[in-house]
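Q: Provided herewith is a single structure, encoded as structure tokens, for subsequent inquiry.
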Amino acid sequence: MSRLRPPLVFIGALHVDELIWPTDSMNLHASNPVRRERRVGGVAANAARAAGEWSERQVHLIAATGDDADASWLAQTQRDAGVECHTQRLCNATSGRYTAIHDEHGELLLGLAETAVAERLDTADACHTLSGLQPVATVLDANLSSDSLEWLLMPDKPLGKCIALAVSPAKALRFARRLERIDLLFCNRREAAALCDCEPTAGIDSLADGLLSAGARRFVLSDGARPIVVQTPAARVRISVPSLAIGTSVNGAGDTMAGASLALWLEHEDLAASVSNAGLPAAHAIISR
């Protein structure tokens, strides 16, 4: 059975997403009427669910949570989506939360991340789980602490292929000076700029060249509605992003693109085709809902 093949493992954030939309024009420094929605979030968690939809392999998630009611809800929702969830419930801790405040067009106006619990992941316990699973690939998101990433990226760890999700410009720096250990990096313009110490307004080719100089060998570099750059040791390819009206939110679209692209790439080894045929359709399903 296909589920008996080596699994795909994600390690990183699993938290509550609180999404907020204005019901009228936003006014800074004033009270604004809004509507709210709670969803399961976290970069690794979002990407794992997407990978599960596109892969015949079993998908696992290793994540730290608090010991509150949210932790049970988060883990069960992942399992309901077909992801095997290995949660480390930390005593006297609160599960992480990401608050996304949108503008009236559904674009992110402000994101507030309270995800420090992810940095408390017990890496020794995570590696014990990895040893039992012997994954084809392990996906690390930059919500993990710098020390955790350093330890997990040591050559003796049973990661299989190593995939990195940059998360944000500030947290992407946790992969700096470690890019040569990573088989595939997913990042956006601002995260790439942070990793290669460039201005965020630099040309996309300059950012791609900067990532190569910093040690990245293979990456997917997104740039909003502009073409995605897919870099492999063999070639640099640009993939056009079809225009699409935003439904309610773009939250999680990048994570979803990464998870779906990765799932297909592990089967076919054609990264550009995987982004085109799986990553973009999966992301667009998130954006248009």
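Q: Between Pro135, Ala118, Leu195, whose Cα lies farthest towards the positive end of the dipole of region 115-196 when Lys and Arg beta carbons carry +1 and Asp and Glu beta carbons carry -1, centred on the Cα centre?
A: Going by the charge dipole, the pick is Leu195.
Q: Moving on. Specify whether the C-alpha gyration tensor of the chain places it in the rounded, prolate or oblate class, a ≥ b ≥ c being the square roots of the eigenvalues: rounded for a/c under 1.5, otherwise prolate if a/b is larger than b/c and oblate if not.
A: Numbers: a/c = 1.42, a/b = 1.07, b/c = 1.32.
It comes out rounded by the Cα gyration axes.
Q: Would you mind pulling out the separation of the Cα centroids of region 85-155 and region 195-243, in Å?
A: Comparing the Cα centres of region 85-155 and region 195-243, I get a distance of 24 Å.
Q: Compute, for Ser206, the solvent-accessible surface of its heavy atoms (probe 1.4 Å) with the complete set of protein chains present, and express it in square angstrom to the nearest 10.
A: Near enough 60 Å² of accessible area.
Q: Let me ask something additional. Which ³J(HN,Hα) values in Hz, rounded to whole numbers, follow from the phi angles of region 194-209 under the Karplus curve 6.51 cos²θ - 1.76 cosθ + 1.60, where θ = phi - 60° and Gly and Pro get x?
A: 5, 5, 10, 6, 10, 6, x, 8, 4, x, 5, 5, 5, 5, 5, 4
Q: Now for a different question. Of the accessible area of the chain, with the probe set at 1.4 angstrom, what percent is carbon plus sulfur?
A: Working: 6440 of 12720 Å².
Answer for the chain is 51 percent, counting heavy atoms of protein chains only.
Q: Another one. With every protein chain in place, what's the accessible area of Ser222 (1.4 Å probe, Å², nearest 10)?
A: Counting only protein heavy atoms, Ser222 exposes about 30 Å² to solvent.
Q: By the gyration tensor of its Cα atoms, with a ≥ b ≥ c the square roots of the eigenvalues, what is the shape of region 89-216: rounded for a/c under 1.5, prolate for a/b over b/c, or oblate?
A: Details: a/c = 2.30, a/b = 1.16, b/c = 1.98.
Here region 89-216 falls in the oblate category.
Q: Sorting Val139, Val237 by accessible area (1.4 Å probe), largest first, what list results? Write out the running numbers ahead of the final one.
A: Numbers: Val139 0, Val237 55 Å².
Heavy-atom accessible area, descending, gives Val237, Val139.
Q: Evaluate the charge dipole of region 98-163 about its Cα centre and quote only its size in Debye, nearest 20, assuming +1 on the Cβ of each Lys and Arg and -1 on the Cβ of each Asp and Glu.
A: On the way: 3 positive and 11 negative charges, 80 e Å.
About 380 debye.
Q: Subtracting the Cα-Cα distance from 0.36 nm times the residue separation, let me have the gained length for Ala225 to Thr129 in nm, one decimal.
A: On the way: separation 96, 0.36 × 96 = 34.56 nm, distance 3.83 nm.
Separation in residues times 0.36 nm, less the Cα-Cα distance, equals 30.7 nm.
Q: Taking only protein heavy atoms and a 1.4 Å probe, what accessible area per residue, in Å², does the chain have with all protein chains in place? The partial results should precede the final answer.
A: Numbers: 12720 Å² over 289 residues.
Normalised by residue count, the accessible surface of the chain is 44 Å².
Q: So, one more: Would region 69-135 count as rounded, prolate or oblate if I go by the C-alpha gyration tensor, calling it rounded below 1.5 in a/c and otherwise prolate when a/b exceeds b/c, oblate otherwise? Walk me through the numbers before you get to the answer.
A: Working: a/c = 2.19, a/b = 1.81, b/c = 1.21.
It is prolate, given that a/c is not under 1.5 and a/b is the larger ratio.
Q: Another question, if that's okay. Take Lys171, Lys161 and sort them by solvent-accessible surface of the protein heavy atoms, 1.4 Å probe, largest at the top. Before the final figure, lay out the partial values.
A: On the way: Lys171 35, Lys161 65 Å².
My answer, sorted largest first, is Lys161, Lys171.
The values are calculated or read from the model by the stated rules, or taken from the named source; none is laboratory data. Predicted, not measured: the structure shown is a model, and the values here were computed from it. Note: ideal-geometry Cβ built from the backbone for every residue, glycine included; neighbour counts use all protein chains shown. When the accessible area is computed, the model is the full protein with side chains, heavy atoms only, and any ligands, DNA or RNA have been set aside. Shrake-Rupley method; radii C 1.70, N 1.55, O 1.52, S 1.80 Å.
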